[in-house]
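Here the structure comes first, spelled out in structure tokens, and everything after it is commentary.
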Amino acid sequence: GQSLEQPSEVTAVEGAIVQINCTYQTSGFYGLSWYQQHDGGAPTFLSYNGLDGLEETGRFSSFLSRSDSYGYLLLQELQMKDSASYFCAVRARNSGNTPLVFGKGTRLSVIA
Amino acid sequence: DGGITQSPKYLFRKEGQNVTLSCEQNLNHDAMYWYRQDPGQGLRLIYYSQIVNDFQKGDIAEGYSVSREKKESFPLTVTSAQKNPTAFYLCASSIGQNNEKLFFGSGTQLSVL
């Protein structure tokens, strides 16, 4: 099975940079995904790392290191609207097709 | 606009009652999923369907049932056997069965009277 660990809460100042870590235990997986969810809303896809390294999309970047069983989401130039929960997710590389398994999420609070 | 529509947004269930949550998508996606979210928790998979007339149990399928008679629709029934149904239910779809990018509906909050 898969197990993903994320910090439950993170607080950061508007305009700053914050890193949300995700460590995982899984025998094999395709890649690491990140989703954002505002309170009461639907999760939305942010990024996917199929290979090791850094993927950048505007203010958001995501990193994966398979050898370290570790990934992170980096948010730069934080804005108040970035206050949300962030989930990492993996899809196991088993025989057959497997859906995404999500971590418990990290609640980010951006303060002035 | 294409997307996923869940209804109702809020639903109340009485003891011993079955209730059905609707999920419709017009994205022409093959795969559809139901996740349950409890406060402060991640998303746990209830059921998923990779193709019409086929579906598989997820991690917490007990007390739930689904059908996939049409590509566009994947309703979830919360049966009386589900003793703790209060949660936020999210429906999602993806282009294919091996796709990391899920599109989610806006969710249904189910509460027990």
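Quick notes on this one:
- Residue in region B:52-72 that is surrounded by fewer than 20 Cβ atoms within 10 Å (Cβ to Cβ), farther than 16 Å from A:Pro99 by Cα and among the hydroxyl-bearing types (Ser, Thr, Tyr) present: yes
- Applying the criterion of being in contact (Cβ under 8 Å) with a residue 40 or more places away in the chain and over 22 Å from A:Gly40 (Cβ atoms) to the residues of region B:76-106, the residue that is surrounded by the fewest Cβ atoms within 10 Å (Cβ to Cβ) is B:Gly96.
- Conditions (1) surrounded by fewer than 21 Cβ atoms within 10 Å (Cβ to Cβ); (2) assigned to a loop (DSSP other than H, G, I, E, B); (3) out of contact with any Ser or Thr (no Cβ under 7 Å at 6 or more places or on another chain); number of the one not met by B:Gln109: (2)
- Count of residues meeting criterion [over 16 Å from B:Thr86 (Cβ atoms) and under 11 Å from the mean Cα position of the chain (by Cα)] in region B:6-33: 8
- The set of residues from region A:54-107 being in a strand (DSSP E or B), among the aliphatic types (A, V, I, L, M), crowded, with 19+ Cβ neighbours inside 10 Å and away from chain B (no Cβ under 14 Å) comprises A:Leu73, A:Leu75.
- Any chance B:Ser22 is hydroxyl-bearing (Ser, Thr, Tyr), surrounded by fewer than 17 Cβ atoms within 10 Å (Cβ to Cβ), outside any loop (DSSP other than H, G, I, E, B) and touching a Leu at 6+ places or on another chain (Cβ under 9 Å): yes
- Scanning region B:28-75 for residues that are over 30 Å from A:Glu9 (Cβ atoms), free of Cβ contacts under 8 Å to residues at least 12 places away in the same chain and either facing another protein chain (nearest Cβ under 10 Å) or part of a loop (DSSP other than H, G, I, E, B) (or both) yields a total of 1.
Condition check ((1) under 15 Å from B:Leu102 (Cα atoms); (2) at pLDDT 95 or above; (3) out of contact with any Leu (no Cβ under 9 Å at 6 or more places or on another chain)) across all residues:
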| site | (1), (2), (3) |
| --- | --- |
| A:Leu32 | yes, no, no |
| A:Tyr72 | no, yes, no |
| A:Met80 | no, yes, yes |
| A:Asn94 | no, no, yes |
| A:Phe102 | yes, no, no |
| A:Arg107 | no, yes, yes |
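- Residues in region A:33-49 that are facing chain B (nearest Cβ under 8 Å) and in a loop (DSSP other than H, G, I, E, B): A:Gly40, A:Gly41, A:Ala42, A:Pro43.
The values are calculated or read from the model by the stated rules, or taken from the named source; none is laboratory data. Predicted model only: the values in this text are computed from it and were never measured. Note that we place each Cβ from the backbone using ideal geometry, even for glycine, and neighbour counts take in every protein chain shown.
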